[in-house]
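Peer 1: First the structure, then my questions, so here it is.
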Amino acid sequence: MVMTTRFMGRNKLVSRLSAQVGSRSMAVGLLKKRGHMKEDGTLTAEGKKRNKMTAKERAVDRAVKLSGKSSTKYKYNPKTNAATLKNK
């Protein structure tokens, strides 16, 4: 298993997803399916926006979209690549 924590920073979207799924071609296919990459392999506007985010920012963004809560209410766990609500 490749350690995806090597690709936590900005502009690492494709590298991180490639490490997570096991191949670059599978990662590119997922990004195209999600609308983050065009058929020619360039990132769409949404893909560029997500690429500028860190892994933490993407995880928090996913949680916020699902819950509608504020991003400040979440903490990030790099081992699970998930954002969870902070304890009060």
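Peer 1: Under the rule of -39500 (n - 2.57) per DSSP H run of 4 or more residues, summed and divided by the residues of the chain, what mean residue ellipticity at 222 nm is obtained, to the nearest 500 deg cm²/dmol?
Peer 2: Result for the chain, helices only: -13500 deg cm²/dmol.
Peer 1: Provide the three semi-axes, in whole Å and in decreasing order, of the ellipsoid equivalent to the chain as defined by the square roots of 5 times the Cα gyration tensor eigenvalues.
Peer 2: 24, 16, 10
Peer 1: Right, something else. How much net charge surrounds GLY41 when only the other residues with a Cβ under 12 Å from the Cβ of GLY41 are counted, with Lys and Arg +1 and Asp and Glu -1?
Peer 2: +1
Peer 1: Defining a contact as two alpha carbons under 8 Å apart and six or more residues distant in sequence, what relative contact order in percent does the chain show?
Peer 2: Relative contact order, the chain: 22 percent.
Peer 1: Hey, got the dipole for the chain? About the Cα centre, +1 on K and R Cβ, -1 on D and E Cβ, debye to the nearest 20?
Peer 2: Dipole magnitude for the chain comes out near 380 debye.
Peer 1: Compute a Gaussian network model of the chain, connecting alpha carbons closer than 10 Å, and tell me which residue from SER25, SER15, SER67 fluctuates the most.
Peer 2: With Cα springs under 10 Å in the chain, the top fluctuation among SER25, SER15, SER67 is at SER67.
The numbers here are math on the coordinates, done by the rules we state, and not lab data. In this text the structure is predicted, and so the values were computed from the model without any measurement. We place every Cβ from the backbone using ideal geometry, glycine too, and count neighbours over all the protein chains shown.
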